[in-house]
Every structure is written in structure tokens, then in C-alpha cells.
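Below is one structure, written out as C-alpha cells, with a few remarks after it.
Derivation of every value follows stated rules applied to the coordinates shown; laboratory data play no part. Model, not experiment: these values are computed from the prediction. Positions of Cβ are backbone-derived with ideal geometry, glycine not excepted, and every protein chain shown enters the neighbour counts.
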């Protein structure tokens, strides 16, 4: 696999409701960090790694996201569904080697490079030096972290907003994953199976399937014996979920 045959999908349909004051008229990914928006910074990191085929799933204020040289898919149900179902509006892109990521994270190109080195069919990025991000983070408490407990061979055992014990081998899922061609097929099969079984019903930690997170399907797949490999990092990324996150990040970027 070379980075030139990898594509990226950015899930950017959400309301960004915890960034009120900044997202009344803008999707979260269009917030500025210096001269560039969050989405531009993501695109730069992908392109630095040789990934040029990039798709964006839009929803809230979709007309505000209109950069050239990107492919767009629209989720008209963004108010009624969540990240997992949003991703499948770009299902035709889920083939070959694919990186999928949330739109509200800033990350170094080095994080993408580390992920591209993974050989497993399904790989997720997990930060094991994550606790420091939650110091003085009042609006997004540590209990809301998407934690991962993984085995000694770095495979997911548990994932989601779970309370972890001190002795657990664990980190935080940063919202980025990669599929090989086989992995993409496995992922799509599991999605359609779960959709058929759980539509309008509880699914993992979601009240109904429509509101499921990507962590819900990862847990489902792990429970069914699908190996989900953890690519381990230490820092090099940041989540922008609340006003506090954004204002801190802007300061850290020195802009």
C-alpha cells in the first residue's frame, strides 16, 4: 500500500452544538485557526502524506463547506442521526484503502503516517498519553472520553464512553481509523447487518441504531470476533468539541 492509493473521508455533518457562539452560522470544521480552517488543516495533513482523494460528508450549514478539489456527500438527516449513519452517505467511497476521521480534530501529519503503516484490515488510532488533555477541561469531562481497553497484542476489547480501571491497558480513540480493501468490505457488511437488526432499537450504547457512534460498531465487531487493531500514539492531536476547547487551541496555536 502506498499513500497515493489511499483515500480519506471526513465526517463533517454535525451541528457543533457545544460550540454555540461560534457555530451559529458555521459548521465546526470551518472554524479558523490562524489563517486556516480546521478542515483546511486536516486536508493539509492528508496531502502531506500523499493522500489527495478526499471526501467530506456535509450536513449542518453544508453550503459553507465548498473547497475545490474535494468530493462532497450530503447527509440531509444530520439532525436525526449520528456519526456512524452519517458516514454511510459516502458508502461508495468505502472501498480500497480508506482513512475515516471526525471533522473536529486537529492532528499532525505524523499521526496519519503512523496509521498508514498499519497492516491490519481495520485499525483505529489510540492515544495512550490522553489524560493530560482533560486537566482543567471543565466543559468536556474525562468521563466523556472515548476510551479503549486493548489486549497485549493491541486489539480492542472495549471501546466507548466507559470508565476504565487504573490497571487497564487503555487509551483514547481519537476519531480516526483505516480500512484495507478487505477491512472496508467487512465494515460495510457489519453495518448493514446491524442496520437490519437494530433500526429503531437500542444498539450497543446508543438508544437507537440511528444515533450510534462509530465506537458502537467497533465494539459490536470486536464482540463478534473481528480483530480491531490499535495504532498507538502519544499526543499529536486535539479535539475541538466545546468553546473551551476552541479558545484554548487557538491560544496554543498562537493565533
For the stretch 192-215 versus the stretch 1-71, the gap between their alpha-carbon centres in whole angstrom: 26 Å
Can you give the FRET efficiency for residue 248 and residue 128, using 1/(1 + (r/R0)^6), R0 = 30 Å, r = Cβ-Cβ distance, to the nearest 0.05? 0.90
With a Förster distance of 22 angstrom and the Cβ-Cβ distance between residue 224 and residue 199, calculated FRET efficiency to the nearest 0.05 equals 0.75
Rounded if a/c under 1.5, otherwise prolate or oblate - the chain, Cα gyration tensor axes: rounded
Relative contact order (%) - the chain, alpha-carbon pairs under 8 angstrom, separation at least six: 24 percent
Can you bin the stretch 58-109 into rounded, prolate or oblate? Criterion: square roots of the alpha carbon gyration tensor eigenvalues sorted a ≥ b ≥ c, rounded for a/c under 1.5, prolate for a/b above b/c, oblate for the rest. rounded
Site residue 185, offset 7 angstrom along Cα→Cβ, radius 11 Å on amide nitrogen, limited to the stretch 95-110, gives 96
Two pseudo-spin positions, 7 Å from Cα along C-beta at residue 108 and at residue 44, lie apart in nanometres by 1.5 nm
What value, in deg cm²/dmol to 500, does the helix sum -39500 (n - 2.57) over DSSP H runs of n ≥ 4 give at 222 nm once divided by the residues of the chain? -7000 deg cm²/dmol
Classify the stretch 2-101: rounded, prolate or oblate, from the alpha-carbon gyration tensor (a ≥ b ≥ c, eigenvalue square roots; a/c under 1.5 rounded; otherwise prolate if a/b is larger than b/c)? oblate
Here the FRET efficiency for residue 24 versus residue 66, based on Cβ atoms and R0 = 22 Å and rounded to 0.05, is 0.70
